[in-house]
Structure formats: structure tokens, C-alpha cells
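The values are calculated or read from the model by the stated rules, or taken from the named source; none is laboratory data. These figures come from a predicted structure and were not determined experimentally. Heads up, the Cβs are rebuilt from the backbone with ideal geometry, glycines too, and the neighbour counts pull from every protein chain shown.
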Amino acid sequence: MKEKSKILRTQTKDALMEALEKKYIRMKEIRLLQGARKLKNIHEGLRVRREIARLLTLLREKQAEDGR
């Protein structure tokens, strides 16, 4: 997990935005599956939400660094 966060911290804002868009798309798919009661792993939605929050935090940090 720590290795993944180190890799994410070194990425550019554009790469973070692209990863965030992919996570939002996956979250939308999970919500559709939950609505149809076809989601096998209920923890996947929680994991994706955590990853989205992590990406948003890293994006804010990048923007703060650029603002300095």
C-alpha cells in the first residue's frame, strides 16, 4: 500500500486527474451493480471510495505546491 502511495505522489496532476476519472467511472459501475443486487463483493465499493479520497487529497497537495 505504501509503495502505491509513493508512486501516486510522483505523478503529475494530469495523471492524477486521469486516474480519478477512471475511479469515478468504476464507482458508477459499482452503484449500478448494487442497484441491481448483482455486486458480489460489497467491499469493493468501499475500496474505490477510499482510493477516490486518496486521489483527491493528492490532487489538492499538488495544487498547493503549484500555488507556492
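Quick notes
- Test: residue in the stretch 25-46 that is within 20 Å of E65 (Cα to Cα) and either within 12 Å of the chain's Cα centre (by Cα) or not in a helix (DSSP H, G or I) (or both): no
- Matching residues, the stretch 34-53, being under 25 Å from M17 (Cβ atoms) and among the hydrophobic types (A, V, I, L, M, F, W, C): L46, V48, I52, A53
- Test: L20 is assigned to a helix (DSSP H, G or I), over 10 Å from the mean Cα position of the chain (by Cα), surrounded by 15 or more Cβ atoms within 10 Å (Cβ to Cβ) and modelled with pLDDT of 90 or more: no
- Only one of the numbered conditions (1) more than 21 Å from G67 (Cβ to Cβ); (2) at pLDDT below 90; (3) basic (K, R) is not met by K13, and that is (1).
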